[in-house]
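The values are calculated or read from the model by the stated rules, or taken from the named source; none is laboratory data. Just so it is clear, the structure is predicted and the values come from calculations on it, not from any experiment. Virtual Cβ from ideal backbone geometry, glycine too; neighbours counted across all protein chains shown. Please note that ligands, DNA and RNA were not included when accessible areas were found on the heavy atoms of the full protein model with its side chains. Shrake-Rupley method; radii C 1.70, N 1.55, O 1.52, S 1.80 Å.
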Amino acid sequence: MVTETIAQNDACKGDSAVMDRLSVSTIRLLSADMVDKANSGHLGAPFGCAPLANALWGRIMKFSPRKRWMNRDRFVLSAGHASALQYSMLHLTGHGLGGPYDVSMDELKLFRQAGSSTPGHPEFRLTCGVEVTTGPLGQGFANAVGIAIAEAHLAARFNKDGFPIFDYNTYCLCGDGCMMEGVASEAASLAGHLKLHKLIVFYDDNKITIDGTTDLAFSEDVGARFAAYGWNVLRIDNGDIASSHVFEKAVADAKSQNEKPSLIIMKTTIGNGAGPGVEGTSKAHGGKFSNLEAIRNKWFNPTYLRKDGDAIDQEVAELVQAELDLISEKVVLPKFHVPSKVLHKFREVGAQGDRMADKWEETLQEYFRTFRSSEPDLVSDLEQRMSGKFLIDKWESKVSEYLSKEQKAIYSNLKTLWNNFEAQDVDSDSSQECKRRKISPDEKPKYKAGRVYVAEALKNIVATNPSVIGGSPDVASSCGGHWPELQGHFLPPCFAKQLAGASYAGRYIHFGVREHASLAILNGICSSSSLIPYCTLFTVFYQYALPAIRMASISKFPILYIGTHDSIEVGEDGPTHQPVEVLPQLRAMPNLLVIRPANVEECVGSFQVFAAQYTEKQSINSYIDPKPLVKRPVFVMTSRGELGLPYKGNTKIRGQDGVWKGAYVLHDCVDEIPCPGKGLPASANHIVLPDIVLIGSGQDVALVMKAKEILLKWSLAFNDRLKEGFEGFPHVSSSIAPALLKVRIVSMPCWELFDEQDQEYQDAVLCSNYRQILRIYVEKAATKNTGHDKYAHMSVLMPS
């Protein structure tokens, strides 16, 4: 594999300073033409970092434009506004060439246009060759840390002597803005601690932001800061130079040690080559360059190239003149034109990478043959993951066993709330609950806290599936999510002496108190494929990390978030820890499933909904844009305290099944299960509509169930008093039929799944097509005016 890497890097050994300069000019002008045609975009970074891009894609990185080679080097553009630079390189190297995801010249001409595969900022799944969605500064930096974590873990689990199956580097380009963002600082601190030596970050140190020079707001020594984080800090004093060798040497220096991630600080000029008054100023950051044609003449017109007498420019002029002759142009190469020698150079590098990917697949098959008999479980695990199936088949049976055990403990004491209160003469002790005026006593079943249920369900999945990796930002002891005997600890090998189970093969990441970075890191892990990431945290502290959740939702990353302490019932911590507004915030986020289970059945159902995204085999060697949406993150929000219902449901729908529908009738106004001694329920012969529909989620479903009990008691008492008022009037009294309130209880764990059901199902659950039926939503984990009126006439929510 080492030999193959050198082969790709040497594919362009004949490249000279002449080809470097022509390539850099081509990259700049191609980016400029995209921005000019769109009349929108950013050119400062593409012009300033074109020499780096030429070196990375032309000499340094190993990649396959044809397939999603699992051992490719990864590139993350944390400065996502420089997307024109990345799209130019993906086109030049032939990513997706000839297929439906071809980064073609036509797509470059549609830069920043609706429906194109070249959006304003890079988007995962939308553009072939884009590893993660970036744009909000600093996110990509943390994503790159996650990708490096994934490589270290996969290598530790699967690599064998002579079989370096996972052996790739992660390259990241960031700017001054990324360095100012807190999420990048958090991620950099963790990366240094974890000694992720295969992470190489290029810092475009051009000293310019949108509002002016960086010294207006940013004066620290970034290199010293990163050195304190435990990084290997290197410098390129002149990042404007076109020569690839400068960048190759810096990368070689970064790879010469295996103890630290590397930060390569490049001194560059923003908008380099754009001319006086633009380059080196904030004017270069965004928008097209008004002097673009003058720039084109400077680089793509032989006459202009020969003017200054520079020896390299003289040779470039000859290449440009030959290109003009080839395309029958007389003066200057036209817009969106790539000189044939430049295109051949990058396409050949891409073709070499394709051959390396094929060779890697042969090595992978040899790996399977070599270790199938001695380590069958390891081989089976990797084979399953390479086919796109990350959960083993027996995971669900383990979770079902857990649920059955919990149900047995619960239902031994769980009583029934009957809708029928007519007097009954039944001797059976089991039927005493059904007698007139008799409602189930307040004897409590054995419930656990919601956070315990979800942690125990997660443990069953972690125990059976080595693909599951995650962590908690320093609250695992309260929220659950870490079982050292099952997962070990994802830490550098040097920790092994002081902590049992510490290695890169560990599956629990000690994030420390770095909420934002931890979730952005999970995005990078998820993008790497082959791993299922999760996080457990207090619900309120997910607010620190909402930008990362939003990026996961945009990217369709199937990540599991578990939020505990989900409402005002968090104990004595007070309003700072009471997340009364987080649930509506998450529900407002597109492509995110938010599930708030009401009992252990719904907790298990939540995990089943999440896991379904990982159980179906699909090739990971091709770019897949799933439409309709089948991949998305899942947020399971649950309680600090006991989670369960005061009574059994009286419908045939199991909680774990109801979650898939988003909402379901848990306790109806008639009894589907016959009341002992009474035969068939009233609903057997005709449909009985409720007077009131009470809706809730999570712990609040228990509240509305108790509210139903109170309403039934009140209704019965009212009827008794009414009947007493007519005593002495036998004819009237005998004709008065009891008119008990008919109340339906709806558990609505997931708005998003419910909204995806057809209208017929929605109406059947909520009776929303009957105006006379009152619908009331109760939720103490949400505030007023946050969307409940979509489902109910009235809502009982938190006022503040």
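For the chain, what is the mean residue ellipticity at 222 nm derived from helices alone (per DSSP H run of n ≥ 4: -39500 (n - 2.57); sum divided by total residues; nearest 500 deg cm²/dmol)?
So the calculated ellipticity at 222 nm is -12500 deg cm²/dmol.
Would you kindly find the accessible area of H193, with a 1.4 Å probe and non-protein molecules such as ligands, DNA and RNA excluded, rounding to the nearest 10 Å²?
80 Å²
Just reorder Y411, Y534, Y761 by solvent-accessible area, largest first, 1.4 Å probe, all chains present.
Details: Y411 90, Y534 0, Y761 55 Å².
Greatest to least solvent exposure: Y411, Y761, Y534.
Given the pairs K288/K345; K67/K389; K415/K713; K62/K345; K398/K459; K405/K648, which are separated by over 22 angstrom at their Cα positions? Kindly include the intermediate steps, with their values, before the conclusion.
Numbers: K288/K345 28 Å; K67/K389 18 Å; K415/K713 16 Å; K62/K345 15 Å; K398/K459 10 Å; K405/K648 17 Å.
In this structure, K288/K345 lie more than 22 Å apart at Cα.
To the nearest 0.05, what FRET efficiency results for S328 and E485 with a Förster distance of 41 Å applied to their C-beta separation? Write out the running numbers ahead of the final one.
Numbers: r = 73 Å, r/R0 = 1.78.
That pair, S328 with E485, gives E of 0.05.
Just the number please: accessible area per residue for region 700-800, 1.4 Å probe, all protein chains included, in Å². Walk me through the numbers on the way to the answer.
Details: 5570 Å² over 101 residues.
I get 55 Å² per residue for this part.
If you wrap a convex hull around the C-alpha atoms of region 332-402 and split its volume per residue, what is the figure in Å³?
121 Å³
I'd like to verify something in the chain: which complete DSSP H helices, judged by Cα projection on the helix axis, reach 27 Å or more and average at least -0.5 on the Kyte-Doolittle scale?
17-38, 139-158, 700-725
Let me cross-check H121: its accessible surface, 1.4 Å probe, with only protein heavy atoms counted, in Å² to the nearest 10?
70 Å²
May I ask you to give the percent of accessible area on the chain that is carbon plus sulfur, with a probe radius of 1.4 Å? Please report the intermediate quantities before stating the final value.
On the way: 16470 of 31590 Å².
On the chain, the fraction of accessible area on carbon and sulfur atoms equals 52 percent.
Quick check for you: with a 1.4 Å probe and neighbouring chains kept, what is the accessible area per residue of region 266-346, in Å²?
Accessible area per residue: 50 Å².
Rg to Rh ratio, the chain, alpha-carbon atoms and Kirkwood radius?
1.08
With an 8 Å cut-off on Cα pairs and a minimum separation of 6 or more residues, tell me the relative contact order of the chain in percent. Don't jump to the answer; show the numbers that get you there.
Details: 1622 pairs, mean separation 96.6, N = 800.
Relative contact order for the chain comes out at 12 percent.
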